[in-house]
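Asks: First the structure, then my questions, so here it is.
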Amino acid sequence: MAALIIEGLVSHTRSLDSEALASLAGQVPDVSALAADREGVAVQLASVLEDAGLAADARFITIHAEGNYSASVPLEAVKDHAILIYGLDGEALPHDKGGPIRFFIPDVAACQTDEVDQCANVKYVERIVLSAEPGQDTRPKTPKQHVDIHVEEKL
């Protein structure tokens, strides 16, 4: 499995493979307990950030995925809600399930901000950057762009 990079406003940049993610506190052994339509094992985002030594001035999290897709959202809105799904059935999370890492917010409404929508749930995550200002955000901006991105996924 490729490693997930955690960088930016952290004490130390981290490179975490599935073994390293599994060793962190905050494990979610059955994601379906949080969201019936999802499966796998995960770790809470807050645990990953604690492991990297989140800086006090970090205000935004930008999730970068393969294909130049990224979502940048307020950190406080997602820090205690998001999980990183990294495994399924004792193996790495398969690509057809969004692997190797999937950033997932089981209840987007709990984030209580319009800046966090379903498109902040990011598949194929490669890197997470913590920053004081918003980062690159390629999420769909219009309803048509949103529909188009999901049509492309099915092709």
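The values are calculated or read from the model by the stated rules, or taken from the named source; none is laboratory data. Given the structure is predicted, the values throughout are model-derived calculations rather than measurements. Because the Cβ atoms are built from the backbone with ideal geometry, glycine has one as well, and the counts that use them run over all protein chains shown.
Asks: Pick from the stretch 1-13 the residues that are modelled with pLDDT of 95 or more and more than 15 Å from the chain's Cα centre (by Cα): which of them is farthest from G98 (Cα to Cα)?
Replies: Filtering first and then ranking leaves S11.
Asks: Right, another one. Mind checking whether some residue in the stretch 107-116 is over 21 Å from L130 (Cα atoms), in contact (Cβ under 8 Å) with a residue 60 or more places away in the chain and not charged (D, E, K, R)?
Replies: No: the stretch 107-116 contains no residue that is over 21 Å from L130 (Cα atoms), in contact (Cβ under 8 Å) with a residue 60 or more places away in the chain and not charged (D, E, K, R).
Asks: State which residue is surrounded by the most Cβ atoms within 10 Å (Cβ to Cβ) when the search covers only the stretch 39-54 and only residues that are out of contact with any Ser or Thr (no Cβ under 6 Å at 6 or more places or on another chain) and more than 16 Å from E7 (Cβ to Cβ).
Replies: Among them, the one singled out is A42.
Asks: Next question. Taking the conditions exactly as written (crowded, with 19+ Cβ neighbours inside 10 Å, among the charged types (D, E, K, R) and at pLDDT 95 or above), does D57 satisfy them or not?
Replies: Numbers: crowded, with 19+ Cβ neighbours inside 10 Å: no; among the charged types (D, E, K, R): yes; at pLDDT 95 or above: yes.
Taking the combined requirement at face value, the residue does not satisfy it.
Asks: Determine the pairs where a residue that is without any contact (Cβ under 8 Å) to a residue 60 or more places away in the chain and surrounded by 14 or more Cβ atoms within 10 Å (Cβ to Cβ), located within the stretch 9-30, has a partner that is outside any strand (DSSP E or B) and of a type in the set (D, E, K, R) with Cβ atoms under 6 Å apart, the partner being 6 or more residues away or on another chain.
Replies: Hits for this filter: L24/D51.
Asks: Hey, does the stretch 78-92 have a residue that's under 15 Å from the mean Cα position of the chain (by Cα) and over 18 Å from D107 (Cα atoms)?
Replies: Within the stretch 78-92, the subset under 15 Å from the mean Cα position of the chain (by Cα) is 78-87.
Checking the rest, the ones that are also over 18 Å from D107 (Cα atoms) come to 86-87.
Yes, there is a match, as at least one residue in the stretch 78-92 is under 15 Å from the mean Cα position of the chain (by Cα) and over 18 Å from D107 (Cα atoms).
Asks: Can you go through V116, V129 and tell me which one is in a strand (DSSP E or B) and either surrounded by 14 or more Cβ atoms within 10 Å (Cβ to Cβ) or not aromatic (F, W, Y) (or both)?
Replies: V129
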